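Have a look at the structure below before the remarks.
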Amino acid sequence: MTMNETINETTTQSMASAAIQRAEGRLQTLLPGIYRDRTGEVQPVSMRSAPLAFDVDGNVAWDRIWGSFCDLAMAGGPPHKGKLLEPGTPEQILAEPVRYAEVCDEIVRGIELATRLKAAPSSSPGWMRVQCSNHTMVEWLLRAITMENISVRLEEGAILLPAGPAFRVEKEIKNVITVIAKTTHYWSGHLIRLQQIGVANLFYQLDSEAPLLQPAWEAGAEIADARERIERALEDATGLCTANHGYANWIGLDCGTVRSAITIMRRLVASNILCRREETAIFLPLNPIVDPYGARLAHSVSELLARGA
């Protein structure tokens, strides 16, 4: 190795180390206070699922079935779902409009009972709109729920959560209601007002550096065209292999171990890139509009993988 190559490698390592330290520091701002200085104790092991409880009319008592919640995936805990829960397709909804309306009604009822937030079906088929108290809460929930493996989008001061005619009360409907109950519990109950202000300031700083990188939900054919070149850019930059899966809006990257996947997922989210995990693979947003060649993804993952991941 020449002297110039040695200098360049040292500089690259130094920059990567600084990026990791910056991401880890920002992550501490995002986390509720109960996780300060104890994320090393958090394990990605799920609790036993809470059984459904019912009121005198036979309806699920969504406000009475949780005594506690698993640790946040943001803190290194288990994601609520092992695989991503996605919305029903327009074709599925058109085929079963009555059942879809019933699912939406139950999700609205559950969200309002469990969180006291207002919910309603979105104008976008397959999505439920949940109104939040402020923009910072919306942005924080987007990141936290993404890491729980429930599909979530932003819409003008609200988040969108998935719904579909095939959703069952004891499974998918419960998943949606549980994840919003869990994340709002941590946001409202464990992030004090001063911390929430710190989160707002962090989001402003992150957006001034680079906008939040999230899936391009409406990109259509552009996504298919961009996938191969972005996957290739990621593999070339990181030395990791892309993972086979059926998600239209995500690219999987196998990190080898669960702990490595958790580490890089959290660092990426703290660097304004949505990310989630399934077993040893992280899933990165496919957005050919904002990042057409995957340059930002490839650089960020490569930089944040260095040392200790």
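Do you know which of the residues in segment 147-193 that are surrounded by fewer than 20 Cβ atoms within 10 Å (Cβ to Cβ) and of a type in the set (Gly, Ala, Ser) is farthest from ASN272 (Cα to Cα)?
Only one residue tops the list, namely ALA166.
GLU148 - would you say it is in contact (Cβ under 8 Å) with a residue 40 or more places away in the chain and out of contact with any Ser or Thr (no Cβ under 9 Å at 6 or more places or on another chain)?
no
For segment 24-48, give me each residue that is surrounded by 13 or more Cβ atoms within 10 Å (Cβ to Cβ) and either closer than 24 Å to THR136 by Cα or in contact (Cβ under 8 Å) with a residue 40 or more places away in the chain (or both).
Scanning segment 24-48 gives GLU24, ARG26, LEU27, GLN28, THR29, LEU30, LEU31, PRO32, ILE34, TYR35, THR39, PRO44.
Look at ILE251 and say whether it is assigned to a strand (DSSP E or B) and in contact with a Lys or Arg (Cβ under 9 Å, 6 or more places away or on another chain).
It is true that ILE251 is assigned to a strand (DSSP E or B) and in contact with a Lys or Arg (Cβ under 9 Å, 6 or more places away or on another chain).
What's the total number of residues in segment 180-232 that are of a type in the set (Val, Ile, Thr) and part of a loop (DSSP other than H, G, I, E, B)?
1
Let's see how each residue does on (1) out of contact with any Phe, Trp or Tyr (no Cβ under 9 Å at 6 or more places or on another chain); (2) closer than 26 Å to ILE251 by Cβ; (3) of a type in the set (S, T, N, Q):
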residue: PRO87; (1), (2), (3): no, yes, no
residue: GLN131; (1), (2), (3): yes, no, yes
residue: SER151; (1), (2), (3): no, yes, yes
residue: GLY164; (1), (2), (3): no, yes, no
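So which of ILE197, ILE173 ends up being under 19 Å from PRO90 (Cα atoms), assigned by TED's automatic domain parsing to the domain that holds GLU96 and in contact with a helix residue (DSSP H, G or I) (Cβ under 9 Å, 6 or more places away or on another chain)?
On inspection, the qualifying residue turns out to be ILE173.
Looking only at segment 32-61, count every residue that is at pLDDT 85 or above, more than 20 Å from the chain's Cα centre (by Cα) and in a loop (DSSP other than H, G, I, E, B) and tell me the total.
Total meeting the criteria: 9.
Return the residues of segment 254-277 that are more than 14 Å from the chain's Cα centre (by Cα), touching a residue at least 60 places away in the same chain (Cβ under 8 Å) and not in a helix (DSSP H, G or I); say none if nothing qualifies.
Those that are more than 14 Å from the chain's Cα centre (by Cα), touching a residue at least 60 places away in the same chain (Cβ under 8 Å) and not in a helix (DSSP H, G or I): none in segment 254-277.
Being touching a strand residue (DSSP E or B) at 6+ places or on another chain (Cβ under 9 Å), more than 20 Å from GLU148 (Cα to Cα), touching a residue at least 60 places away in the same chain (Cβ under 8 Å) and surrounded by fewer than 22 Cβ atoms within 10 Å (Cβ to Cβ) is the filter here; which residues of segment 65-110 pass it?
GLU106
Please pick out the residue among SER260, SER208 that is closer than 18 Å to PRO78 by Cβ and among the small types (Gly, Ala, Ser).
SER260
Name the residue, out of ALA248, ALA224, that is under 22 Å from PRO87 (Cα atoms), among the aliphatic types (A, V, I, L, M), surrounded by fewer than 17 Cβ atoms within 10 Å (Cβ to Cβ) and under 16 Å from the mean Cα position of the chain (by Cα).
Only one candidate passes the filter, namely ALA248.
Based on this model, can you work out whether ALA119 counts as crowded, with 18+ Cβ neighbours inside 10 Å and in contact with a Phe, Trp or Tyr (Cβ under 6 Å, 6 or more places away or on another chain)?
No, not satisfied.
I'm trying to understand the selection: among the residues of segment 62-104, which are under 25 Å from the mean Cα position of the chain (by Cα) and basic (Lys, Arg)?
Passing the criteria: LYS81, LYS83.
Return the residue satisfying two criteria in turn: it lies in segment 233-244 and is small (Gly, Ala, Ser) and in a helix (DSSP H, G or I), and of such residues it is farthest from GLU303 (Cα to Cα).
ALA233
Restricting to segment 112-149, give me the number of residues that are under 17 Å from the mean Cα position of the chain (by Cα), part of a loop (DSSP other than H, G, I, E, B) and among the charged types (D, E, K, R).
Result for segment 112-149: 1.
The values are calculated or read from the model by the stated rules, or taken from the named source; none is laboratory data. Model, not experiment: these values are computed from the prediction. A quick note on method: Cβ atoms are made from the backbone with ideal geometry, for glycine too, and the neighbour counts reach across all protein chains shown.
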